Every structure is written in structure tokens, then in C-alpha cells.
1. Does region 163-174 hold any residues that are within 23 Å of Asp35 (Cβ to Cβ) and either loosely packed, with under 12 Cβ neighbours inside 10 Å or out of contact with any Ser or Thr (no Cβ under 6 Å at 6 or more places or on another chain) (or both), and which are they?
2. What helices (runs of 4 or more DSSP H) lie completely within region 71-185 and have 1 or more residues being in contact with a His (Cβ under 7 Å, 6 or more places away or on another chain)?
3. Can you list residue pairs whose Cβ atoms sit under 8 Å apart, with the first residue in region 111-131 being in the same structural domain as Ser156 (by TED's automatic domain parsing) and the second being outside any strand (DSSP E or B) and among the polar types (S, T, N, Q)? Count only pairs 6 or more apart in sequence or on different chains.
4. Kindly check whether there is at least one residue in region 133-146 that is at pLDDT below 95, out of contact with any helix residue (DSSP H, G or I) (no Cβ under 8 Å at 6 or more places or on another chain), in the same structural domain as Ala172 (by TED's automatic domain parsing) and surrounded by fewer than 24 Cβ atoms within 10 Å (Cβ to Cβ).
5. Of the numbered conditions (1) farther than 25 Å from Asn109 by Cα; (2) surrounded by fewer than 14 Cβ atoms within 10 Å (Cβ to Cβ), Val264 satisfies every one except a single condition; which is it?
6. Any residue at all in region 274-283 that's touching a residue at least 12 places away in the same chain (Cβ under 8 Å) and within 24 Å of the chain's Cα centre (by Cα)?
7. Scan region 194-222 and report the pairs whose first residue is modelled with pLDDT of 90 or more and whose second residue is in a loop (DSSP other than H, G, I, E, B) and hydrophobic (A, V, I, L, M, F, W, C), with Cβ atoms within less than 9 Å and a gap of 6+ or a chain change.
8. Hey, among Glu177, Glu227, Glu233, which residue is surrounded by 12 or more Cβ atoms within 10 Å (Cβ to Cβ), among the acidic types (Asp, Glu) and outside the structural domain of Leu263 (by TED's automatic domain parsing)?
Amino acid sequence: MYRPRIGIVIGTTREGRFGETPAQWILDVASGQTDLDFEIVDLREYPLSFLGEPKSTGAGDYGHSDPGSRWTMEMARFDGYVFVTAEYNHSISGVLKNAIDHLGSEVHNKPAAFVGYGGVGGVRAVEQLRLVCIELQMAPTRTAVHIGMEPYMGVSREGKELRDFDSLNRKARAMLEELSWWTHTLKAGRKEAAGTEERIEEILGFWFGQEGDPGYGEFRKAWFSAEPDFDREIRDRFLATYVEAREGKLDRWQHEPRGALALVILLDQFPRNVFRNSPGMYETDEKARSVADSALSKSCDKQLPAFQRWFLYMPFLHSENLADQHKATELFEAVEHGSNGSGPGDWHLRTIERFGRFPHRNEILGRESTPEEIEFLEAQNTTKQEA
């Protein structure tokens, strides 16, 4: 059975260091932790130069040469960490800070626990290290082990061992229990997030195609016409996902641009294919507008190319509310329309201004049409996908 891996990082490299002793002690205490596997990671094995890579680690494109690449790959193997750190001038060692500065996404959303030692148990070093870990999108544990001067001197000069100090043993077990909870919780979260990204990309890849493919970013006839095979494929591939979106189970997607776009397509576009000519076409229109509003409030649309913004704005175009129609007009005028002429919002806006609703929906929704609406429908040469 696979068990999450925890790296115990010795944070100093100098000769005569004390760090090996608490690292080995924590490894021994952790042997009773049956749900995790632990191993020691020694910075001496990674003689890193001061960070001088040509690209920022935060950009996720490291270009590291050995031993930098070995260090980042080693840290990527683990699901959590215990940092063993001395305190130097109220902070961690320079070599540990430099090593951490080489890291990026390898440690994101992973927990970190701490063993400090020194005059006041390395308290100030651990607090500094917590801040660094937070900046790296790690989750520091609240509980830490602080080895003060009494046990430090007892081990260094009196031949004692750290396991002889019951208070340290209790603290270590409490810290490891907390680390275990965070490790399993965040590992499950990372797995779910990876699955979420795959689902988002599947939706966007189906609707827009893949970047670099012929026709990517261009108008697709299937978007706005009745094609039974296209409708059937959406129903077969995405109906279950649509139901999740309708029930609010995918609301977390709306907090970043591509997720919000995928969610709007699920709620606004796919129903018009899956439930064509039935009331289900419009069932989630209001929810789609809510998602689009939320995305706009975060300026998510500004981070999408023009042809994708169109579909983030579609819920306003599909609304029978005049204010939404004016909003749609403003939004669509702000993006490039290519060769499509006057823009998609004109017909919809004029129709709502005239009737206060889309007459094309009346028969589907069981609404009685007025004589003027009947005349309007008879004069239409095409059936709008919107309807």
C-alpha cells in the first residue's frame, strides 16, 4: 500500500553541526507513524551555488543544472516536509534559505513541520521559516518542536539523547500527528485539483479546439447551428458534468479564468445543444449569468483571448433583462469581432427592447405569443441558436 512520503531536511551543512542529531531522532520517533514514510534529506548532498538561474523559480521554468535540478527533483518526490533548522541571528541558515529559493511548484500545497534548536529553541528561526513557506504556498503546521539549551547541552556535553526528554517526545508525536492530517488532506486536494484542471481543459479543448490546431480561434459553424451529431457528442461526453454544474458542485471553478469560462460553457452553451427545443435549454441561464458576473468582478475576462471572451459574455446576451442586454453590448464592443460585422449583441438587444422577451422561446416555454410576436417570428429567416 502506498504511503505519502515525508522528507526530513537537515538545514545546515557546516562541519560539527548538531542538525543530524535531531533529524535522526525525528526519524526514530516517526517510525511509529504507520501512515507515512520518512527519510532524511541532507543539504550536504546538494552543493548549491547562490541562486543565479536565468529564469525565476516562480515562473515554473527553472533551467537548473546539476545539482540544482537534483535538489528540485528530490523535493518534488515528497508529500510533506520536516525542516530541521538552527537559529542564526534570529533566522535560518543561509544555506537553507538559498536551497528553498531554488524551489517553486514542487512544494506548492504541501505541509511543512519544523524542528528548531538553539538558545530559545530556534523559535525565531522557525517563525521566519513559516513565513517563507507560506510565500511558497506551503501549509506550515502550528505545532513545532523547539530544542532549548537544556536538552541541547545535555546531548552535546552530558552524553544524553533527545529521546531522554519526555517533553520533546510528546511534542514530536503531536507535531507528526498534525503533519499526518495535513499531508493526507492536501494530497487529496492536489489530486482533486489535478482532476479539475483536466476536466476544464477537456471542455475548453472540445469547444475551441487545441491551440496550434488549424482553425483554432476562428468561428465554428457548430456553435450556432443545429447539428445532431454535435449535440449527441456533447450529451454523451458532458451531460454528467453539466448536472454537477447545475447542482453547484463545480462552483469552485469560477475563481480562475479558464475554470469560469468552462463553467459558463457548461451552464449556458451545452444546455442549448443537449436539451434543444425543450425548456431545459434555459434552466441554468441564471446560474450562468451569476458565474459570468463573478468572473467579470475578478477581471477574469481580461486574461482570456477575445474569441473566448465571447462565450464568457454570452449569458448576458441570452438574458431577457434589458440591463443585461446593454451590458452585453458594451462587453462585445470591447472585444474584436473579426469579420462578423455588427457584433452578436445587436439582434438580441433590439428584440428585448421591442418585446421584453425572446419570442423564439414562447412555444418551448409554453408562453402565448402576441400577434406582433407571431408576425415577427414569421418574418425571421433563421432560427437563432439563442432561442
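The values are calculated or read from the model by the stated rules, or taken from the named source; none is laboratory data. In this text, all values refer to a predicted model and were calculated from it rather than measured experimentally. A quick note on method: Cβ atoms are made from the backbone with ideal geometry, for glycine too, and the neighbour counts reach across all protein chains shown.
1. Restricting attention to region 163-174, the residues satisfying the condition of being within 23 Å of Asp35 (Cβ to Cβ) are 163, 168-174.
Residues satisfying the conditions are Arg163, Leu168, Asn169, Arg170, Lys171, Ala172, Arg173.
2. Correct list: 123-135.
3. Going by the 8 Å Cβ cut-off, the qualifying pairs are Pro111/Thr141; Pro111/Thr183; Ala112/Thr141; Ala113/Thr141; Ala113/Thr143; Phe114/Thr141.
4. No, that holds for no residue.
5. Only one criterion is unmet by Val264, namely (2).
6. Step one: of region 274-283, the residues touching a residue at least 12 places away in the same chain (Cβ under 8 Å) are 274, 276-279, 281-283.
Imposing the further condition that a residue be within 24 Å of the chain's Cα centre (by Cα) reduces the set to none.
No, that holds for no residue.
7. From residues that are modelled with pLDDT of 90 or more, the pairs are Arg199/Leu250.
8. Values: Glu227 fails: outside the structural domain of Leu263 (by TED's automatic domain parsing); Glu233 fails: outside the structural domain of Leu263 (by TED's automatic domain parsing).
Among Glu177, Glu227, Glu233, only Glu177 is surrounded by 12 or more Cβ atoms within 10 Å (Cβ to Cβ), among the acidic types (Asp, Glu) and outside the structural domain of Leu263 (by TED's automatic domain parsing).
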